[in-house]
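Below you'll find the structure, written out as structure tokens, and then a few comments.
The values are calculated or read from the model by the stated rules, or taken from the named source; none is laboratory data. Everything quoted here is computed from the prediction, not taken from an experiment. Cβ coordinates were reconstructed from backbone atoms using ideal geometry, including for glycine residues, and neighbour counts include every protein chain displayed. For accessibility, only protein heavy atoms count, side chains too; no ligands or nucleic acids. Shrake-Rupley method; radii C 1.70, N 1.55, O 1.52, S 1.80 Å.
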Amino acid sequence: RNWRDTLDPSLLLDPPARAPTNHNLLERIGVVQLLRAGALAARLAQRTYHQDLHLQLEYALLAAHLFAQPFTSGLPHPQRARDFATYTPRELLPGGNVFADPTEADPVAVLDACAFVARVLLKNGHALETLPMLSLAQFVASQVSKDAVAMASASAYKARACAQCNLIGDAVVLVLDVHHGRNLPDILPLNRPPVGQSGLQNPVTVAYHDAAAPSDAANQEALQAVATLELVPGLLALFPPAVQLLLRMARIEILLAPCSQADEWPHPDPALQETCATVQELIEALRSEIVDTATTIVEKAEGEEDGGEEG
């Protein structure tokens, strides 16, 4: 409850040099203990305080800032939370691999903790605080566990966080990379040519420029590319439904971000009204699928109940 007395919550929202030196927990207790503490805080938020939303949020914030501490060692890591938007580290700290002994630092526990904390913080409007933690999750997924599914999940959460922070350009890059199979560990290039042909296919490259107006032609092209994104068959078979849902939600939040900058719906700018209509269609399609799935589950459960009573 009083974790801010020990850990400065603004440590990665401002340069670390401005934080008191006695708050540098990385030097005081080491990276392994920080990772353990972060995983424990996340588990407390998930299991112990699931009915106390205030304490759940507090423990989730604590976990996020603990997971951000390894980056306070200085260069070459960024020193502001915003700069982690598209940053995936190649190494965590100089020296040995802190995850070499899973009994000391368990990569699976860290990935599970980051995913839960991200859900809590994104739901409560703390998207900026998730960015360093999700960079840690991307590092663990890509460099330690070599898990393409976990990497896609962390990237989808980060895309949602960027969209909520109005970093639309960074969010577009993240979802395009995942859908095209770029930067995923242990995945062959998905743009390789069909059998019997030679030469790599060139994926469509678009960019959203945050400095330009959302109605700018290049930005409209980027939003249209996000709206029509589909996973290639290889990734569709690889990613479980939960990750596919995360990617769909990320796309919806990216398209919603420029449309929600005005106080009326749909956006008064004619160039954005088509994007607003697309958002509504995607949300309706997702809602219908969720209702259908829930109905199927309920009917299956009722059928099993009836069968048990007859027996």
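Residues are listed down the side, and each one gets a yes or a no for (1) farther than 18 Å from ALA250 by Cβ; (2) at pLDDT 90 or above; (3) open to solvent by 100 Å² or more (accessible area, probe 1.4 Å); (4) basic (Lys, Arg):
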position: HIS267; (1), (2), (3), (4): yes, no, no, no
position: LEU272; (1), (2), (3), (4): yes, yes, no, no
position: GLN280; (1), (2), (3), (4): no, yes, no, no
position: ILE283; (1), (2), (3), (4): no, yes, no, no
position: GLY308; (1), (2), (3), (4): yes, no, no, no
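Sort out which residues of the range 265-297 are assigned to a loop (DSSP other than H, G, I, E, B) and of a type outside the set (D, E, K, R), and write them in order of number. Steps first, please.
Going residue by residue through the range 265-297, those that are assigned to a loop (DSSP other than H, G, I, E, B) are 265-269.
Scanning the range 265-297 gives TRP265, PRO266, HIS267, PRO268.
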Worksheet item: Cβ-Cβ below 6 Å, separation at least six or inter-chain, first residue in the range 218-231 and more than 11 Å from HIS179 (Cα to Cα) and without any contact (Cβ under 8 Å) to a residue 60 or more places away in the chain, second assigned to a loop (DSSP other than H, G, I, E, B) and among the aromatic types (Phe, Trp, Tyr): which pairs?
Response: ASN219/TYR208; ALA222/TYR208
Item to complete: Run GLN261 past the list (1) surrounded by fewer than 16 Cβ atoms within 10 Å (Cβ to Cβ); (2) in a helix (DSSP H, G or I); (3) of a type in the set (S, T, N, Q) and report the number of the one that doesn't hold.
Response: (2)
Worksheet, complete the sentence: Of the conditions (1) touching a helix residue (DSSP H, G or I) at 6+ places or on another chain (Cβ under 6 Å); (2) free of Cβ contacts under 8 Å to residues at least 60 places away in the same chain; (3) open to solvent by 10 Å² or more (accessible area, probe 1.4 Å), the single one that LEU134 does not satisfy is (3)
Worksheet item: Out of the range 66-90, which residues are without any contact (Cβ under 8 Å) to a residue 60 or more places away in the chain, part of a loop (DSSP other than H, G, I, E, B) and more than 20 Å from LEU25 (Cβ to Cβ)?
Response: PRO76, TYR87, ARG90
Response to the item:
Scanning the range 104-131 for residues that are outside any helix (DSSP H, G or I) and charged (D, E, K, R) gives GLU104, ASP106
Worksheet item: Restricting the first residue to the range 96-118 and requiring it to be at pLDDT 95 or above, which pairs with a second residue that is part of a helix (DSSP H, G or I) and among the polar types (S, T, N, Q) meet a Cβ separation below 6 Å and a spacing of at least six or different chains?
Response: PHE116/GLN46; ALA118/THR130
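Against the condition assigned to a helix (DSSP H, G or I), modelled with pLDDT under 95, within 14 Å of the chain's Cα centre (by Cα) and of a type in the set (A, V, I, L, M, F, W, C), how does VAL178 come out, does it pass?
Values: assigned to a helix (DSSP H, G or I): yes; modelled with pLDDT under 95: yes; within 14 Å of the chain's Cα centre (by Cα): yes; of a type in the set (A, V, I, L, M, F, W, C): yes.
Taking the combined requirement at face value, the residue satisfies it.
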Discussion item. Restricting to the range 211-224, and then to whatever is assigned to a helix (DSSP H, G or I) and in contact with a Ser or Thr (Cβ under 9 Å, 6 or more places away or on another chain), can you tell me which residue is nearest to VAL172 (Cα to Cα)?
Written reply: LEU223
Worksheet entry | Hits in the range 80-115 (condition: crowded, with 17+ Cβ neighbours inside 10 Å and over 20 Å from LEU40 (Cβ atoms)) | ALA81, PHE84, ALA85, THR86, TYR87, THR88, PRO89
